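These notes are about the structure you will find just below.
The values are calculated or read from the model by the stated rules, or taken from the named source; none is laboratory data. In this text, all values refer to a predicted model and were calculated from it rather than measured experimentally. Backbone-built Cβ (ideal geometry, glycine too); neighbour counts: all protein chains shown.
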Amino acid sequence: MKRADSRKATGRAGLFLTGIRRAGALREPAPFPFTLPLFRDLERLDFRAPVTFLVGENGCGKSTLLEGLAAGAGAVAAGGRDLERDPTLAGARAFARAFRFPRVRHPRATLMALPGADIRLLEDGVIAPVAYPDVEHVRITRAFLDDPESFLRWL
């Protein structure tokens, strides 16, 4: 089974959730989201910074992972009417039941960006660390800022 970067976390001060661990074997047939390789093969995911950004193509599982983390941590899922009863969050609840969510503390604030945050790329069924300059959105934004005319001529 695959693991998403399980190196020992350093500097855990400020962490809310230290990671997630598979609670046991999946029942067959596995429900969504475990029909997707990213979730079926995930055994653990460690968080090393107070903020982790998830990046990846549309449809790679970012929202599903975030909803599952929200369900498991007892947090609010964006757009969810009621985490326990919203039919669109059934996959998130299944994900939450399949993992343990060791917490350090409860969050005090919500941030959109933070220097030193951990960035994870969801791609090809794997969750892997990625450096900020290597994030596609950052490369595109920098290319635009370096030469806006080359982008604007396509409009």
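Scan region 81-95 and tell me whether some residue there is modelled with pLDDT of 90 or more, surrounded by fewer than 20 Cβ atoms within 10 Å (Cβ to Cβ) and β-branched (V, I, T).
Taking every residue of region 81-95 in turn, none turns out to be modelled with pLDDT of 90 or more, surrounded by fewer than 20 Cβ atoms within 10 Å (Cβ to Cβ) and β-branched (V, I, T).
Do you know which residues across region 105-155 are farther than 21 Å from G56 by Cβ and either modelled with pLDDT of 80 or more or over 19 Å from the mean Cα position of the chain (by Cα) (or both)?
R108, L145, D146, D147, P148, E149, S150, F151, L152, R153, W154, L155
Of all residues in region 53-69 being assigned to a helix (DSSP H, G or I) and among the charged types (D, E, K, R), which is farthest from D86 (Cα to Cα)?
To start, the set of residues in region 53-69 that are assigned to a helix (DSSP H, G or I) comprises 62-69.
From what is left, the residues that are among the charged types (D, E, K, R) are 62, 67.
Numbers: K62: 19, E67: 12 Å.
Only one residue tops the list, namely K62.
Within the group R21, R40, R3, R48, which residue is out of contact with any Gly (no Cβ under 9 Å at 6 or more places or on another chain) and modelled with pLDDT of 85 or more? Steps first, answer last, please.
Values: R40 fails: out of contact with any Gly (no Cβ under 9 Å at 6 or more places or on another chain); R3 fails: modelled with pLDDT of 85 or more; R48 fails: out of contact with any Gly (no Cβ under 9 Å at 6 or more places or on another chain).
Going through R21, R40, R3, R48 in turn, just one is out of contact with any Gly (no Cβ under 9 Å at 6 or more places or on another chain) and modelled with pLDDT of 85 or more: R21.
Looking only at residues that are of a type in the set (V, I, T) and surrounded by fewer than 19 Cβ atoms within 10 Å (Cβ to Cβ) in region 53-78, which one is nearest to V126 (Cα to Cα)? First the steps, then the outcome.
Filtering region 53-78 down to residues of a type in the set (V, I, T) leaves 55, 64, 76.
Those left that are additionally surrounded by fewer than 19 Cβ atoms within 10 Å (Cβ to Cβ): 55, 76.
Details: V55: 12, V76: 25 Å.
The qualifying residue nearest to V126 (Cα to Cα) is V55.
Which numbered condition in (1) more than 13 Å from the chain's Cα centre (by Cα); (2) part of a helix (DSSP H, G or I) is the only one that R27 fails?
Of (1) more than 13 Å from the chain's Cα centre (by Cα); (2) part of a helix (DSSP H, G or I), only one is false for R27: (2).
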